[in-house]
């Protein structure tokens with residue numbers, strides 16, 4: 001009975017990571033003499049090597065944490081938050097959305113919708129993050145506390161009006177045959193014959 005209880009306790013023993021494991025009942029192997037000592041020495045060397053690697057991983061994890069904190073600090077200096085919500089640099093440091101130019105012209109309402117329509121005639125099917133990046137590259141910014149939502153709402157309005165087609169979730173284009181306007185909006189800047197390649201750097 002005591003042996004059964006001990007076996008039951010071993011079956012439900014948890015390792016350092018919290019996983020249940022079964023502890024087998026082990027006995028002496030058939031290795032004896034020099035061969036056994038050689039295997040024991042190899043086991044000891046491997047155990048020491050694992051301990052060294054664990055120590056290295058601990059040092060590397062601390063170095064990575066310090067580097068990540070410093071990166072976060074410098075990224076905030078490069079791209080200070082203008083809104084509480086919006087697209088921020090990716091966790092790996094890649095910039096998902098170009099920063100708002102210091103002299104950006106803020107767009108909202110009809111002017112924002114007209115600008116998006118004009119750009120879509122040049123870009124073709126375009127995802128919202130890519131269109132947002134192009135706006136920043138061209139010196140514009142979406143006004144509002146939630147710029148990404150404001151841009152999505154603007155394209156949704158144009159879709160309901162039939163001036164934009166929703167290709168799939170988050171991707172829009174103008175209907176086939178839509179003439180390209182000469183200006184971004186009435187009385188606004190002229191629409192270039194082609195969107196400058198630099199504006200498409202982040203619009204993959």
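The values are calculated or read from the model by the stated rules, or taken from the named source; none is laboratory data. Only a predicted model underlies this, so the values are computations on that prediction, with no experimental measurement involved. Backbone-built Cβ (ideal geometry, glycine too); neighbour counts: all protein chains shown.
Results, tabulated for the structure shown:
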item	result
Any hit, the stretch 104-121, residues being within 24 Å of the chain's Cα centre (by Cα) and within 30 Å of residue 75 (Cα to Cα)	no
Residue that is at pLDDT 85 or above and surrounded by fewer than 10 Cβ atoms within 10 Å (Cβ to Cβ), where the choices are 27, 33, 18	33
